[in-house]
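Input: a single structure, listed below in structure tokens.
The values are calculated or read from the model by the stated rules, or taken from the named source; none is laboratory data. As the structure is a computational prediction, the values presented were derived from the model and not from experiment. Cβ atoms come from the backbone with ideal geometry, glycine included; neighbour counts cover every protein chain shown.
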Amino acid sequence: MEKKYKSLIACVVLFIIIIFLVISIKLYFKPFLFILFFYFLSKPIYLIINKIIKSKRIASGLAILLMNIILICFIYYLGSTIIFKGYKLYYNNTQRFHEIFDIIKNNGFLDTFNIDKIGDGIFSGNIVQKGAFYTGEGIISYFIANICVYFLLYDGKEIFKGILNFIPESYYNSFRETLKNLKGMLTIEAVLIIVNTLELFIGFKILNIKEAGALAMLCGVLDLLPYVGTIIVFIPLIIYNIVLKEYFVVIGLISLYILVLIIREILETKFIGNKLNLHPFIVLVAIYIGMKLFGIVGLIIGPLYILLAKEILFNGT
């Protein structure tokens, strides 16, 4: 009985430590998410280059360079496509847009908002200053993340060994097993993103959506932001087809979004549950609570905490 109480106390302490670490990272180390994202993008490129070029330093540098080139090209292509499509949509349907705006205006919807105050707020000094601050902070985080990823690619094993030196020997095996399961969980997430991208591509093709490939790839990238991600693409598409009076396509897009969301949740909870030897319901609850508490990071932190707590409770480590 005493051992169980100690295990429960250890779980509570672990939870407090995780909260402290996540909040500290979010407040004082903004490049953390950039580092994770860039590392998982550049790691496969590094492994391919390192087979050709044996020098780890050169392979790491080239991997980061190629990753940045691919990322910049993708963002440029995506941005230019969105701007071009938006302009084309407005130019070809100017009258229809004016009709929709008049309907909204006549129904009194805009009366609930003070447009002048909103405009003044957007262009006020505070908003501009905050925008400049966050832009500068984002640029700094971007460069710091690239430097950190370089060292992780080049000297990752030594860094990992250094971290292990701070972990007591009794916890070493559990920690190693947890990292192994975490790697498997991230692999499952990557596979799910690919599956979602293929599903969306097929769905867009069936609905005769133009640029189906580019839109499906965009949804795949945005799928890193659960629930919020793909809807950023779907809302403009739905509005676009409402403007064109393509109501069948609108219904199809709504159905496709719901279907993909349901399939993702089922596969995610099932595969991660099997990988971690946990019931899918527990995994789903862990992901939901993790996201509520920590945002995007909670997608990983939630199941990770459950995994560590399971090790403490059942293995006594």
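What the table shows:
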read-out	value
Flag for TYR142 being at pLDDT 75 or above, in contact with a helix residue (DSSP H, G or I) (Cβ under 9 Å, 6 or more places away or on another chain) and not small (Gly, Ala, Ser)	yes
The lone exception for ILE301 - which of (1) part of a helix (DSSP H, G or I); (2) out of contact with any Phe, Trp or Tyr (no Cβ under 7 Å at 6 or more places or on another chain); (3) under 25 Å from PHE20 (Cβ atoms); (4) at pLDDT below 80 it fails	(2)
Residues of the range 192-209 that turn out to be on the phi < 0 side of the Ramachandran plot and free of Cβ contacts under 8 Å to residues at least 60 places away in the same chain, as a count	12
Condition met for LEU293 (under 27 Å from LEU33 (Cβ atoms) and not in a helix (DSSP H, G or I))	no
Residue count, the range 186-220 (criterion: touching a Gly at 6+ places or on another chain (Cβ under 8 Å) and surrounded by fewer than 17 Cβ atoms within 10 Å (Cβ to Cβ))	2
Matching option when the condition is in contact with a Cys (Cβ under 9 Å, 6 or more places away or on another chain) and modelled with pLDDT under 80, among GLY184, GLY229	GLY229
